[in-house]
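Undergrad: I'd like to ask you about the structure that follows.
The values are calculated or read from the model by the stated rules, or taken from the named source; none is laboratory data. On a predicted model such as this, the values are computed, not experimentally measured, just so you know. Cβ coordinates were reconstructed from backbone atoms using ideal geometry, including for glycine residues, and neighbour counts include every protein chain displayed.
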Amino acid sequence: MPPVSEAESESPGGRVRLVGRAVTASVARAPWLWPLLRGPMTRYFDDLAVGWDERTGAPGAEHLAPLAVAVTKIDRRPERALDIGTGTGVAALFVAREFPRASVRGIDISEEMIRQAKGKVGLDPEGRIAFRVGDASSLPFDDGHFDLVTQLNMPPFFAETSRVLRHGGHAIVAASSGDRTPFFTPDAVLRRGFERNGMVEVKAGKIGRGSYFVARKGD
Ligand SMILES: C[S@@+](CC[C@H](N)C(=O)[O-])C[C@H]1O[C@@H](n2cnc3c(N)ncnc32)[C@H](O)[C@@H]1O
């Protein structure tokens, strides 16, 4: 993890980043700790859901930029995509716009976030998009169901991401503010985590402040 200066860790943004990094490191390296974190995490995001888009600029170009670049690195247009930790659904809606023939699911542990996301589905005339409450540590989907799994500003759950991907399918982990994102995972951790779960790196990169990592499940 990048060092956090004393002054930075004492500012409100610095504290959020510090907690976010600790959670992300735990989930990525010691996923068995997640049951202890699930309750506080859910309550935290329930409280933040109303007004999330306005406060974070979530639907904006800068928030979505690393995801927008990452989807250009995959070699097949997905038919079924899943966005994990979808929050108010901005990344799922982006994927749906980008791949107009794909069905897109968004999942989040926060009921309040999912309520916000569902409020946007009326903007999807073909009904290709659905949001539901669920935990990334035990996804309610069959093995190999998806061609693409995305996550934006969210800790990685490698085993479940790999399980729900078909062979040859892609995972994208993106962070809107790169290593200043609270739930940022360094490339080396992503590489190792995906490799342990039968996936290989396709491309890692940066765009503006954001960063992305694309992996493919082995054939
Ligand atoms: C920082 S927000 C990002 C939301 C959205 N992806 C965005 O970029 O605007 C992280 C989201 O991940 C969700 N989350 C955290 N852990 C999760 C888990 N294990 N399963 C599903 N969602 C989770 C939180 O509830 C929250 O909505």
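Undergrad: Considering each residue of the stretch 114-142, count those that are among the small types (Gly, Ala, Ser), modelled with pLDDT of 95 or more and in a helix (DSSP H, G or I), and give that number.
TA: Residues meeting the conditions: 1.
Undergrad: Is it the case that Glu201 is of a type in the set (Asp, Glu), touching a strand residue (DSSP E or B) at 6+ places or on another chain (Cβ under 9 Å) and within 16 Å of the ligand (Cβ to nearest atom)? Before the answer, list the steps.
TA: Values: of a type in the set (Asp, Glu): yes; touching a strand residue (DSSP E or B) at 6+ places or on another chain (Cβ under 9 Å): yes; within 16 Å of the ligand (Cβ to nearest atom): no.
The answer is no for Glu201.
Undergrad: Inside the stretch 49-64, can you point out the residues that are surrounded by 15 or more Cβ atoms within 10 Å (Cβ to Cβ) and either of a type in the set (Asp, Glu) or touching a Lys or Arg at 6+ places or on another chain (Cβ under 8 Å) (or both)?
TA: Initial filter on the stretch 49-64 (surrounded by 15 or more Cβ atoms within 10 Å (Cβ to Cβ)): 49, 52-53, 56, 58-59, 63-64.
Ala49, Asp53 - these are the residues of the stretch 49-64 that are surrounded by 15 or more Cβ atoms within 10 Å (Cβ to Cβ) and either of a type in the set (Asp, Glu) or touching a Lys or Arg at 6+ places or on another chain (Cβ under 8 Å) (or both).
Undergrad: Inspect the stretch 118-135 for any residue being within 13 Å of the ligand (Cβ to nearest atom), in contact with an Asp or Glu (Cβ under 7 Å, 6 or more places away or on another chain) and in contact (Cβ under 8 Å) with a residue 12 or more places away in the chain and give the result as yes or no. Please lay out each step first, then the result.
TA: Keep residues of the stretch 118-135 that are within 13 Å of the ligand (Cβ to nearest atom), which gives 120, 131-135.
Okay, now just the ones that are also in contact with an Asp or Glu (Cβ under 7 Å, 6 or more places away or on another chain), so 133.
Still in the running and in contact (Cβ under 8 Å) with a residue 12 or more places away in the chain: 133.
Yes, there is a match, as at least one residue in the stretch 118-135 is within 13 Å of the ligand (Cβ to nearest atom), in contact with an Asp or Glu (Cβ under 7 Å, 6 or more places away or on another chain) and in contact (Cβ under 8 Å) with a residue 12 or more places away in the chain.
Per-residue answers, yes or no, for (1) within 23 Å of Pro35 (Cβ to Cβ); (2) out of contact with any helix residue (DSSP H, G or I) (no Cβ under 7 Å at 6 or more places or on another chain); (3) not small (Gly, Ala, Ser):
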site: Leu152; (1), (2), (3): no, no, yes
site: Phe157; (1), (2), (3): yes, no, yes
site: Glu160; (1), (2), (3): yes, yes, yes
site: Leu165; (1), (2), (3): no, yes, yes
site: Gly168; (1), (2), (3): no, yes, no
site: Val173; (1), (2), (3): yes, no, yes
site: Thr181; (1), (2), (3): no, yes, yes
site: Pro186; (1), (2), (3): no, yes, yes
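Undergrad: What's the number of the condition Gly178 fails, among (1) within 13 Å of the ligand (Cβ to nearest atom); (2) within 22 Å of Thr56 (Cβ to Cβ)?
TA: Among (1) within 13 Å of the ligand (Cβ to nearest atom); (2) within 22 Å of Thr56 (Cβ to Cβ), Gly178 violates only (1).
Undergrad: When you scan the stretch 148-161, do you find a residue that is of a type in the set (Gly, Ala, Ser) and in contact with a strand residue (DSSP E or B) (Cβ under 8 Å, 6 or more places away or on another chain), even just one? Spell out how you get there, then give the answer.
TA: Of all residues in the stretch 148-161, those of a type in the set (Gly, Ala, Ser) come to 159.
Okay, now just the ones that are also in contact with a strand residue (DSSP E or B) (Cβ under 8 Å, 6 or more places away or on another chain), so none.
There is no residue in the stretch 148-161 that is of a type in the set (Gly, Ala, Ser) and in contact with a strand residue (DSSP E or B) (Cβ under 8 Å, 6 or more places away or on another chain).
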